[in-house]
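Structure, as structure tokens:
The values are calculated or read from the model by the stated rules, or taken from the named source; none is laboratory data. Bear in mind the structure is a predicted one, so any value in this text is a computation, not a measurement. Every residue, glycine among them, receives a Cβ derived from its backbone with ideal geometry; neighbour counts consider all protein chains shown. SASA here: full protein model, heavy atoms, side chains in, ligands and nucleic acids out. Shrake-Rupley method; radii C 1.70, N 1.55, O 1.52, S 1.80 Å.
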Amino acid sequence: MKKFVKLVGVMIAFIALAFIANQQPAQAAHGNYRVKTLKTYNQHTSSGSDVAFRAIPKTKATLWINMDSVNAKQIKPSVFHKKGIKIAKYKTTTWFVQKKVRIYHQLKSATYYYVHNRYGNIQGYVRTNALKRGFSPYGYQITSIKWYGKDTPFHVKDAYKNKNVYMWNYTHTKKVANLKHYPGANYVKTANIVMRHNGKNTNYFYLDGSPNGTSKSIHGYVPASAITEGLNPDHTGMNYVPIDQFINNTDFNQYLQTGTTQKLAREIIKLFPNSQPDLGLSKIAVYNYDHFADSPNAEWDPMSTKGYTDIKSFPTVQKWLYAHRSASNATKIAGIKSLLDKEGYTTAERDSLSGYRLGIQIINNITFNYPAHELVGKQVSYTFILGKVDNN
């Protein structure tokens, strides 16, 4: 009998231990905040107007910042209330709802929205009764975005060249630049924006581009009324203009004659007094005859030479210029003349040339800080060719 009682006691103790062991994980899990998704909001417009909410004035609610928990089913107590902001202090912020959830903890529960601000740097949970639909009536609010996926160039309209045209940062809180100081720049448009301020809607373009062709890009919101589509025919203040950003021969020749970085180009042009620089032939020079390792155009594919004939290139001169890239302009011109003489292009011969055009691009130790186009440090490109227009 004693043995039986002892055996029963051991069995009861074993069962109790097993029960306690099985309960501990459940109790630990029960200590977490459990999240049940009630509704997922699909953003139907790129502006987010269909899921836009703003804080109710004077609400005391806290937005609990959880950057990576939009799909969470459980949140640890140490994480859920780790960091929060008083949402009433963010009256200029419009919040965009991703989910409506019910969060359970122990014997309590409440309904929350998972929201993010326009810029995505604040995300988390806030009680549903702290928000109401609509954009914030304060500050600058983007009420519409239409993304622009083309590489079409844009520039400041002529009528605004001498007026203040401000580019604003992404939050429209700081002026990035005054574009009247960069009248020669081309920009790429990435989006059409409608922004509301004090109840008034204004159309903006979001633009990106180098203000002088060689420095880092600037980007931001610019009033659409001041901007027009197309290549900029004005190259004032540009250190460098890519060969594909000229409109015609007049535009191209004006840059060669006035550009502050085109002094060597002008000296080379003087060597061929009867050969007018030609934009089409210059593109052929860049694409087909400037494949030197140091050139920013080295990997470009050749283009058709249709429209031109009797093309004459000067690879020996090019190689010498690349090898003497650090020499002065006077030394470079003397070297070019000497090599042209050896090839039979003496001063008399060059002066007598008839019917030839000049294709030319000279990048003479121009300092770049334009990572977007993989142009950093001093760059060189020395290429010029002769050719005739094919009228057939």
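Being in contact with a strand residue (DSSP E or B) (Cβ under 6 Å, 6 or more places away or on another chain) and of a type in the set (Lys, Arg) is the filter here, so list the residues in the range 35-65 that pass it.
Lys36, Lys39
In the set Gly199, Gly259, which member is over 21 Å from Thr367 (Cα atoms), more than 24 Å from the chain's Cα centre (by Cα) and touching a residue at least 24 places away in the same chain (Cβ under 8 Å)?
Residue meeting the stated conditions: Gly199.
Suppose the filter is open to solvent by 60 Å² or more (accessible area, probe 1.4 Å) and either over 29 Å from the mean Cα position of the chain (by Cα) or under 19 Å from Leu353 (Cβ atoms) (or both); does Tyr308 pass it?
Against the criterion (open to solvent by 60 Å² or more (accessible area, probe 1.4 Å) and either over 29 Å from the mean Cα position of the chain (by Cα) or under 19 Å from Leu353 (Cβ atoms) (or both)), Tyr308 does not qualify.
For the range 324-364, name all the residues that are out of contact with any Phe, Trp or Tyr (no Cβ under 6 Å at 6 or more places or on another chain), under 27 Å from Ile243 (Cα atoms) and of a type in the set (Gly, Ala, Ser).
Ser326, Ala327, Ser328, Ala330, Ala334, Ser354, Gly355, Gly359
Can you find a residue that is open to solvent by 50 Å² or more (accessible area, probe 1.4 Å) and either modelled with pLDDT under 90 or among the acidic types (Asp, Glu) (or both) anywhere in the range 56-67?
Yes.
Name every residue in the range 223-252 that is in contact with a helix residue (DSSP H, G or I) (Cβ under 7 Å, 6 or more places away or on another chain) and open to solvent by less than 30 Å² (accessible area, probe 1.4 Å), in order of residue number.
Answer for the range 223-252, where residues must be in contact with a helix residue (DSSP H, G or I) (Cβ under 7 Å, 6 or more places away or on another chain) and open to solvent by less than 30 Å² (accessible area, probe 1.4 Å): Ala226, His235, Val241, Ile243, Phe246, Phe252.
What's the total number of residues in the range 253-282 that are in contact with a strand residue (DSSP E or B) (Cβ under 8 Å, 6 or more places away or on another chain), open to solvent by less than 70 Å² (accessible area, probe 1.4 Å) and assigned to a loop (DSSP other than H, G, I, E, B)?
Total meeting the criteria: 5.
Would you confirm whether or not the range 175-186 contains a residue that is surrounded by 20 or more Cβ atoms within 10 Å (Cβ to Cβ) and under 30 Å from Gln43 (Cα atoms)?
no
Being surrounded by 15 or more Cβ atoms within 10 Å (Cβ to Cβ) and among the hydrophobic types (A, V, I, L, M, F, W, C), is that true of even one residue in the range 105-112?
no
If you check Lys189, Lys163, which single one turns out to be of a type in the set (Lys, Arg), modelled with pLDDT of 95 or more and surrounded by fewer than 20 Cβ atoms within 10 Å (Cβ to Cβ)?
The match here is Lys163.
Mind checking which pairs have a first residue in the range 153-166 that is under 24 Å from Pro242 (Cα atoms) and of a type outside the set (Ser, Thr, Tyr) and a second that is open to solvent by less than 60 Å² (accessible area, probe 1.4 Å) and assigned to a helix (DSSP H, G or I), Cβ under 8 Å, 6 or more apart or different chains?
Pro153/Gln245; Val156/Leu179; Val156/Ala226; Lys157/Ala226
Do we find that Asp341 is more than 39 Å from the chain's Cα centre (by Cα) and touching a residue at least 12 places away in the same chain (Cβ under 8 Å) in this structure?
For Asp341, the condition - more than 39 Å from the chain's Cα centre (by Cα) and touching a residue at least 12 places away in the same chain (Cβ under 8 Å) - is not met.
Might you check whether a residue that is part of a strand (DSSP E or B), open to solvent by less than 20 Å² (accessible area, probe 1.4 Å) and hydroxyl-bearing (Ser, Thr, Tyr) occurs anywhere in the range 205-222?
Yes, the conditions are met somewhere in the range 205-222.
To keep it simple, each residue is scored yes or no on (1) under 30 Å from Lys216 (Cβ atoms); (2) touching a Leu at 6+ places or on another chain (Cβ under 7 Å); (3) open to solvent by 30 Å² or more (accessible area, probe 1.4 Å); (4) modelled with pLDDT of 95 or more.
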position	(1), (2), (3), (4)
Trp320	no, yes, yes, yes
Ser328	yes, no, yes, yes
Thr331	no, no, yes, yes
Asp341	no, no, yes, yes
Tyr356	no, yes, no, yes
Phe368	yes, yes, no, no
Ala372	yes, no, yes, no
Asp390	no, no, yes, no
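May I ask you to list the residues in the range 84-104 that are of a type in the set (Lys, Arg) and either part of a strand (DSSP E or B) or buried (at least 16 other Cβ atoms within 10 Å of the Cβ) (or both)?
Residues satisfying the conditions are Lys86, Lys99, Lys100, Arg102.
Let's see how each residue does on (1) at pLDDT 95 or above; (2) touching an Asp or Glu at 6+ places or on another chain (Cβ under 8 Å); (3) among the charged types (D, E, K, R); (4) over 21 Å from Asn329 (Cα atoms):
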{"position": "Asn248", "(1), (2), (3), (4)": "yes, no, no, yes"}
{"position": "Tyr255", "(1), (2), (3), (4)": "yes, no, no, no"}
{"position": "Glu267", "(1), (2), (3), (4)": "yes, no, yes, no"}
{"position": "Lys270", "(1), (2), (3), (4)": "yes, no, yes, no"}
{"position": "Asp278", "(1), (2), (3), (4)": "yes, no, yes, yes"}
{"position": "Asn288", "(1), (2), (3), (4)": "yes, no, no, yes"}
{"position": "Ala293", "(1), (2), (3), (4)": "no, no, no, yes"}
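Hey, could you check the range 116-155 for residues that are assigned to a strand (DSSP E or B) and among the aromatic types (Phe, Trp, Tyr) and say which is nearest to Thr59 (Cα to Cα)?
Result: Tyr125.
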